[in-house]
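Here the structure comes first, spelled out in structure tokens, and everything after it is commentary.
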Amino acid sequence: MFYDEHIDAQGCIRSHYQPVQEWFDRLTPAHLSALEQQRNESFRRQGITFTVYGNSEGTERTWPMDLYPQIIDATEWATIERGLCQRVTALNHFLDDIYSGTQAIIADGIIPQRLITSCTGFEREAMNVSVPLGARCVVAGIDLVRGADGGYQVLEDNLRNPSGISYVIENRAAMTKLMPAAFANLAVRSVNHYGRSLLRALRSIAPPACGDDPTIVVLTPGVFNSAYFEHAFLARSMGVELVEGRDLVVDNHVVAMRTTRGLERVDVIYRRIDDAFLDPVVFNPHSTLGVPGLMAAARAGTVTLANSVGNGVGDDKAVYAYVPNMIRYYLNEQPIIPNATTYLLWEHDQRTEVLNRLDELVIKPVAESGGYGIVIGPKASDAELHTARQNILKDPRNWIAQEVVNLSRLPAWDGDEFAPRHIDLRPFVLCGEQTEVIPGGLTRVAMRPGSLIVNSSQGGGSKDTWVLGTNQPNQPATAPEASPATTPAASPATAPEASPATPANSPSGPANRLS
Amino acid sequence: MLARHAEDMFWAGRYLERAEDTARMVRATLLSTVANTPTHAVERMEHLIGTLRLEMPTSVSTVQSMAQSIAQAPPTLHSQAGLGIDVQAAATALVASPTLAGSVVFCIDRARENFRSLRDQVPSELWEQINQLHLRLRQSDFTATMEQDPFQTLDFIRVSCQSLTGVISTSMAQGEGYRFLVLGTTLERALMTCRLISVRYPELDGSSYDEMALTLRSVSALEAYQKASRSSPLAADVARFLLLNDSFPRSVLYCLRDCEQHLSALAPEGKAPPLRHLGQLRSELEYGDLHTLLAGLPALLTKIEAGVRGVADDLSHYFFRNAETLDLHSQAICPGVSAETNIPAAPSKKTKNTDNPTTQHPQP
């Protein structure tokens, strides 16, 4: 049983999909493949690609974007928005409580201590490193899915270095160019302000001592990283420097970048390097990507790292199970968006049940991301199930089990026709002085029929996500020329043309003149 | 701006210019061989290779040639250059070989790599343009296209490079980064014109129009020269034009002036070493006695070439490497323990030999 995003139980197109559906209905397959070709060429020219590791033939692929957008109406989005703000606010409270607070949540018995201390993402090096405003997670990506009942559930939190926002914006840019007419009258909410919003959030967490014009940089592992395109995109859209580890030095707990005029102080680092490679002094000593002394500088409070070190403790999949309780505990509210049903395998009773139903459940390693290591019970071979069972028995803390969520479906073009494919949604949440959800997010789609794996590293594609504005006409636009009744009957019935038929430059006019 | 970014800008500029100049020179050379004897053709191709200061790999002879050997190299040339030279094959290699350091494809590749690490610094339009050119040059049929239709291919490359230059001058903020990019371009341009004169000057003695035209066309200077000089062409005249003309943008003097202007904007403190050296070089050229200059032309050209390379070295030392790696052991890595904070200003250990952009830029 699946929820269909664009068709209701009666088999009718849902009203918020109607205009777009009509637009697609008018296209011939030839039109569509022309659009696809245009799209690929444009992505290729712009170098919008992503890298697939461990793939021998050409590791750079152009970004796969399906033309059929996901559309979310204003009311539904309002709920999602509130739910995400609530969740990320609670998670930030939690991270700050663990690292620079009193660990009240443990003392009050809401989360067992051993669960925290056994997290691979728990960094002792981050203990008592405080962050202005407690904004330990400035950028969060929360993966949402819609189950068979049509309700949204949170599948995963990404609080470390969630990537994908540049693709959200590039998808939109491509769609606007490819099918401007499809947007007509829909008041699709813009996503282009992301860079400005991120900049504002980062400015708000600058060390207080640095005054009101902090220097902000984006720290990237370099051009060979799979997300380099995104790092450059973010630096460009914020108008800040894109630095590598070798561009930074720490001198007496002050971080500076090497410029053509000597060293220049840096106040906030939006780092896109994993914790383990950030500072060879305290983490992986072989890392050449990082900056020696960076953690000491953060501890001294001369620089703010975003997202903070040690956020992995908040998106550990076992800790995830406790997020609804965190929301009740820190905010005294009921969770607006529920978790997917999750079983904790170190609890004896739950483990026993899971082992009995292994072929019906999804088994996930707690600290991985990108869809690696997941075993989907109903589709797994006996051997895979056997390995999963052994793994669970060997280290139950390392795994969780979830009921299979039958992701909702939306049409995607498979080369011949539009066919239903499973999708999920990763919206992005920014926390600084205020918490902001970017309207939309990255819709990921499993391009293989029936597949539930949407990760781009595993052959998934993407879709543009349209959040409709509140002042929606919400009626299918039947007659575009609703205004003056005096329109001459002879005018063509197609879309109104903006350009009046001006005569060509009069040949008698003087040469070389511009108005 | 970041020192690393400044360096990438400079090299992106050099590679771009080298690619365009190479395409221009290959075109002029091929054009001159069309109606010429085989011996001449080979000789001219050798001059070109000399101008580009390239070591042609032996694989040149293996490059497939559609137009079967216009010229067979006589044995003497064989031993001199180590080439089983086939003019067409050499031209194709100079343009399309991805492995020949200094070929057009190679330079565009490098320029793109530099721009890639500058994606937050340069306009998207610029990135798209270079990426598109790169993709075209790396298409599997490019070598064949170059062999079948060299002139059109070379014109395409020139026009593409020029449109890149257009994007740079019309849609890029003319700040520090722009200046480093232009510095790279103009220094490279000065160097190429300089080398062209030194390789071609001895050939001009016979003062045949053909030799003259080839020389001038190699830097797109034929028309400008014809406008500027009414007398029938003399070797000294051509050399003077390419060296000292103050309105033709590829003359050595013009390039050096351009560089000087950008450098003085970059180093507001005034007497920065690269600016001082460049200024000395330029004024020697500008205010030197014409007859003395032309009389000692080979030595002068060697001096200018060395001078330009020196300026590039200075740039590297003064702007790109000004911050040394800190000694970790001298650093306090615990809060509260203070340490000396000044950065040692020791000279760079890595001295870059900037002779040829094709071999020196560290591969990422």
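The values are calculated or read from the model by the stated rules, or taken from the named source; none is laboratory data. All values derive from a computational prediction rather than experimental measurement. Ideal geometry is used to build each Cβ from the backbone, glycine not excepted, and the neighbour counts take in all protein chains shown.
Filtering region A:430-453 for residues that are free of Cβ contacts under 8 Å to residues at least 24 places away in the same chain, in contact with a helix residue (DSSP H, G or I) (Cβ under 9 Å, 6 or more places away or on another chain) and of a type in the set (Lys, Arg) leaves a non-empty set. For region B:126-148, a residue qualifies if it is more than 10 Å from chain A (Cβ to nearest Cβ) and over 21 Å from B:Thr22 (Cβ atoms), and exactly one does: B:Ser140. Is it the case that A:Val281 is touching a residue at least 12 places away in the same chain (Cβ under 8 Å), within 13 Å of chain B (Cβ to nearest Cβ) and surrounded by fewer than 24 Cβ atoms within 10 Å (Cβ to Cβ)? So A:Val281 fits the description; yes. Being in a loop (DSSP other than H, G, I, E, B) and either buried (at least 22 other Cβ atoms within 10 Å of the Cβ) or modelled with pLDDT of 95 or more (or both) is not true of B:Ile130. Take region A:322-371 and flag every residue that is in contact (Cβ under 8 Å) with a residue 12 or more places away in the chain, assigned to a loop (DSSP other than H, G, I, E, B) and of a type outside the set (A, V, I, L, M, F, W, C). Scanning region A:322-371 gives A:Tyr322, A:Glu333, A:Pro335, A:Pro338, A:Thr341, A:Arg357, A:Ser369, A:Gly370, A:Gly371. Of the candidates B:Ala111, B:Ala90, the single residue that is modelled with pLDDT of 90 or more, within 24 Å of B:Thr143 (Cβ to Cβ), outside any loop (DSSP other than H, G, I, E, B) and of a type outside the set (Phe, Trp, Tyr) is B:Ala111. You will find that of B:Thr153, B:Thr99, the residue that is of a type in the set (S, T, N, Q), more than 13 Å from chain A (Cβ to nearest Cβ), closer than 18 Å to B:Leu31 by Cβ and under 22 Å from the mean Cα position of the chain (by Cα) is B:Thr153 and no other. What do you reckon, is A:Gly293 facing another protein chain (nearest Cβ under 9 Å), under 27 Å from A:Thr117 (Cα atoms) and surrounded by fewer than 19 Cβ atoms within 10 Å (Cβ to Cβ)? For A:Gly293, the condition - facing another protein chain (nearest Cβ under 9 Å), under 27 Å from A:Thr117 (Cα atoms) and surrounded by fewer than 19 Cβ atoms within 10 Å (Cβ to Cβ) - is not met. Among the candidates A:Val281, A:Val309, A:Val303, the residue that is within 30 Å of A:Thr89 (Cα to Cα), over 21 Å from the mean Cα position of the chain (by Cα) and hydrophobic (A, V, I, L, M, F, W, C) is uniquely A:Val303. The number of residues in region A:329-357 that are among the charged types (D, E, K, R), in contact with a helix residue (DSSP H, G or I) (Cβ under 9 Å, 6 or more places away or on another chain) and under 23 Å from A:Asp149 (Cβ atoms) comes to 2.
Can A:Gly151 be described as at pLDDT below 95, in contact with a Pro (Cβ under 8 Å, 6 or more places away or on another chain) and over 30 Å from A:Arg39 (Cα atoms)? Taking the combined requirement at face value, the residue satisfies it. Among the residues of region A:201-211, are any modelled with pLDDT under 90 and either among the aliphatic types (A, V, I, L, M) or surrounded by 18 or more Cβ atoms within 10 Å (Cβ to Cβ) (or both)? Checked region A:201-211: at least one residue is modelled with pLDDT under 90 and either among the aliphatic types (A, V, I, L, M) or surrounded by 18 or more Cβ atoms within 10 Å (Cβ to Cβ) (or both).
For region B:12-30, give me the residue count where each residue is away from every other protein chain (no Cβ under 14 Å) and within 16 Å of B:Glu188 (Cα to Cα). Looking only at that region, the number is 13. Of the residues making up region B:252-311, those that are among the aliphatic types (A, V, I, L, M), over 17 Å from B:Arg240 (Cβ atoms) and in contact (Cβ under 8 Å) with a residue 40 or more places away in the chain are B:Leu263, B:Ala265, B:Leu266, B:Ala267, B:Ala272, B:Val308, B:Val311. Inside region B:102-121, residues that are more than 9 Å from chain A (Cβ to nearest Cβ) and either over 18 Å from the mean Cα position of the chain (by Cα) or acidic (Asp, Glu) (or both) make up a count of 1. Every residue in region A:424-467 that is within 14 Å of A:Arg189 (Cβ to Cβ), touching a Leu at 6+ places or on another chain (Cβ under 6 Å) and assigned to a strand (DSSP E or B), please. Matches in region A:424-467: A:Glu436, A:Val437. Number of residues in region A:317-368 that are under 23 Å from A:Leu84 (Cα atoms), surrounded by fewer than 15 Cβ atoms within 10 Å (Cβ to Cβ) and among the β-branched types (Val, Ile, Thr): the value is 1. A:Leu198 falls short of the stated requirement of being under 20 Å from A:Tyr17 (Cα atoms) and among the aliphatic types (A, V, I, L, M).
For region A:68-102, the set of residues classified as surrounded by fewer than 15 Cβ atoms within 10 Å (Cβ to Cβ) and in contact with a helix residue (DSSP H, G or I) (Cβ under 6 Å, 6 or more places away or on another chain) is empty. For region B:165-174, residues that are within 14 Å of another protein chain (Cβ to nearest Cβ) and either buried (at least 24 other Cβ atoms within 10 Å of the Cβ) or free of Cβ contacts under 8 Å to residues at least 12 places away in the same chain (or both) total 1.
Restricting attention to region A:278-301, the residues that are more than 19 Å from A:Val266 (Cα to Cα) and in a helix (DSSP H, G or I) total 0.
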